[in-house]
Amino acid sequence: MSLFIEEALKTVLPAALLFCLASAAFAGTFVEKYGDFEAKKAWDKANITSAAPPFDFSIGGVPAEKVKWICGSEKPRTVTDFAGTASPAERTVTEINYTAPDPGLLVTVEKTDYPGCPVTEYRGSVTNISEKASPRISGVKAFSGKLASFREGVVHYNRGSNAFPCLPEEYEPLTAPVSPSKPFEIGVEKGLPTAGFLPCVNVKGAGRGVIAALDWQGSWTVRLESRRGMNISMGQRETDLSLLPGEKILVPGAVFLFYKGDDRQEGQNIWRRWIIEHNLLRNTGRRDFRENVFICSDLRGYDEDMKHIANPLIGEIGRKYNAAYEFDYGGSAGWFGMGNMAPGATGNWSIAENYGGGRLRELSDRLREKNIGFCLWLEPERCYKGTEAAEALGEENVLFDGDMGLVDYGRPAVQRYILNLLDGLVKNQKLTIYRQDFNIWNEPFWSEKDKREAERLGIPRTGITENHAAEGYIETWTKLEERNPGLVFDSCAGGGRRNDLSTLRFSFMHTKSDYWGPAVSQQCQVFGALSWFIFVGTGFQDTS
């Protein structure tokens with residue numbers, strides 16, 4: 001940890017300045033010099049073919065690459081992101097379909113290329129187009145094969161956000177050698193994608209390197225090994241299932257960035273430019289969001305908050321900074337009704353008596369007069385028996401362990417309930433930011449449902465609940481954004497345990513960790529997080 005602190009103290013400030021300057025322009029001499037466009041072209045040619053999908057999985061014990069596929073490709077289309085801003089960004093999207101009449105599967109791949117950028121990105125799905133349950137599908141990986149021609153190298157990676165307990169060494173940069181005798185593997189197993197480690201690696205060989213990142217909203221693995229080159233396997237941690245007629249599963253997204261040079265930071269700098277130019281808050285269509293002050297209320301009612309807002313200091317903050325006033329969880333700020341539930345229980349999302357009627361909206365209106373945004377905290381995926389959410393959804397839509405439940409995000413009824421709940425709050429309370437938290441591990445709930453489904457249907461179902469939940473989670477956010485254009489999300493999950501790439505295209509990392517410790521540990525965490533994330537918050541608590 002001492003070397004981590006020393007390196008961070010020396011470099012975090014100039015590095016942070018570099019990240020800000022990187023937003024000025026993506027293309028240019030730096031990317032032209034260090035981007036390995038020939039390596040990207042060669043990788044695409046070897047792996048995006050008409051013979052078989054780039055994904056790796058087996059069908060009834062037969063590798064997908066051995067199955068006979070019929071390939072069809074749509075004409076590439078240009079997508080313009082941030083179209084309403086002064087700096088729109090274009091990318092090229094190509095959809096490729098692979099059909100296997102026997103055993104009746106359709107695989108869809110959506111490949112994205114970024115002009116002037118040595119990046120290949122793709123994701124997709126597998127659908128059962130037959131009228132019976134599919135053969136056993138297992139080992140679904142976004143990619144498993146040769147990453148680069150070099151056989152020995154060093155992998156650079158980072159810890160993620162921890163929880164229970166939170167730790168000062170979160171986001172610590174780590175390195176490990178990879179050679180024929182030393183494979184490398186990391187992953188997360190409890191369902192939150194940036195808990196433990198980040199799903200991104202920078203693999204450096206002699207004079208060149210590759211960044212590989214996995215875009216997934218659940219448990220995952222990344223494995224590197226030297227075998228006639230540098231090979232990588234990465235994807236959903238565990239899949240062993242049969243699909244019902246018409247049923248679909250997602251395949252995790254993959255990003256590969258190819259670079260040249262003797263310093264792995266050349267690759268990281270291209271990655272950061274790519275994040276800024278093409279990813280940061282992409283699904284909101286906004287480039288103007290730089291909320292740099294969050295005022296978190298820890299008060300107990302309308303009168304106290306109104307006095308707080310009347311403080312001249314609040315007005316000064318609104319004049320000088322981009323600021324938002326946030327109401328956090330019910331046990332602290334108390335904006336939502338807890339009924340007779342214990343402190344911290346979630347599932348009752350009616351406005352509490354101390355903010356009854358339109359008084360919460362009055363706070364929002366008063367803040368807007370002072371040029372300050374308004375944010376509410378919710379944790380809609382967790383609910384307890386007897387709460388409004390549990391009663392409204394019914395036991396068929398909530399996975400319970402004792403009195404505590406996880407909503408089954410893969411079910412349309414759950415998606416509709418959460419969407420309508422959030423949309424109503426955003427509109428009625430004039431929210432500028434929606435903060436979604438998540439404070440439990442979801443994998444145990446998913447695994448238990450998989451087992452019950454396998455027993456009921458008589459077919460394997462391992463990984464299916466997680467897969468459908470990942471799709472439902474992103475789909476719900478997509479529809480919420482469509483109903484409220486420009487709404488910004490604050491992604492929180494007991495700290496920063498859910499900051500996968502798709503999530504960050506809606507949100508920013510306000511709470512990178514729930515470890516709110518000394519300034520040195522905060523600086524170290526910021527240094528580590530900024531290797532991969534550009535917009536990172538640091539917490540300070542008023543103890544006066």
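The values are calculated or read from the model by the stated rules, or taken from the named source; none is laboratory data. Because the structure is predicted, anything quoted here is derived from the model rather than measured. Virtual Cβ from ideal backbone geometry, glycine too; neighbours counted across all protein chains shown. Side chains are part of the model used for accessible areas, which takes the heavy atoms of the whole protein and leaves out ligands, DNA and RNA. Shrake-Rupley method; radii C 1.70, N 1.55, O 1.52, S 1.80 Å.
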Margin query: Let me make sure I get this right: for the chain, a, b and c are the square roots of the gyration tensor eigenvalues over alpha carbons, sorted descending. Under 1.5 in a/c it's rounded, otherwise prolate if a/b > b/c, else oblate. Which is it?
Written below: oblate
Checklist line | Among 174-184, 136-146, the order from most to least packed when residues are scored by Cβ within 10 Å on average | finding: 136-146, 174-184
Margin query: Using a Cα-Cα cut-off of under 17 Å, which lysines could be cross-linked to Lys320, ignoring same-chain neighbours fewer than 8 residues away?
Written below: Lys370
Margin query: Within segment 60-187, count lysine pairs with alpha carbon atoms under 21 angstrom apart where the residues are 8 or more positions apart or belong to different chains.
Written below: 8
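If you roll a 1.4 angstrom probe over the protein chains with everything in place, what fraction of the accessible area of the chain belongs to carbon and sulfur, to the nearest %?
51
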Next item on the list: Determine, for each peptide in 360-368, 68-76, the mean count of other beta carbons within 10 angstrom over its residues, then list the peptides with the highest first.
Entry: 360-368, 68-76
Notebook entry, point to check: Order of 107-118, 308-319, 464-475 by packing, highest average Cβ count within 10 Å first?
Noted result: 464-475, 107-118, 308-319
Note to self: At 1.4 Å probe radius, can you tell me the per residue accessible area of the chain in Å²?
What the structure shows: 42
Check: With each label point set 7 Å from Cα along the Cα-Cβ vector, what nm distance links Ile70 and Ala176?
Finding: 4.4
Margin query: Once R0 is set to 60 Å, what does the formula 1/(1 + (r/R0)^6) return for the Cβ-Cβ distance between Glu225 and Phe289, expressed as a FRET efficiency to the nearest 0.05?
Written below: 0.90
Item checked: Exposure of Phe535 as accessible area (Å², to 10), given a probe of 1.4 Å and all protein chains -> 40
Note to self: Rounding to the nearest 10 and keeping the result within 0 to 90°, find how far the Cα-based axis of helix 464-483 lies from the longest principal axis of the chain.
What the structure shows: 60
Next item on the list: Subtracting the Cα-Cα distance from 0.36 nm times the residue separation, let me have the gained length for Leu457 to Ala86 in nm, one decimal.
Entry: 128.2 nm
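Cβ under 14 Å from Leu167's Cβ, Leu167 left aside: what net charge do those residues give with Lys, Arg +1 and Asp, Glu -1?
So the surrounding residues net to -1.
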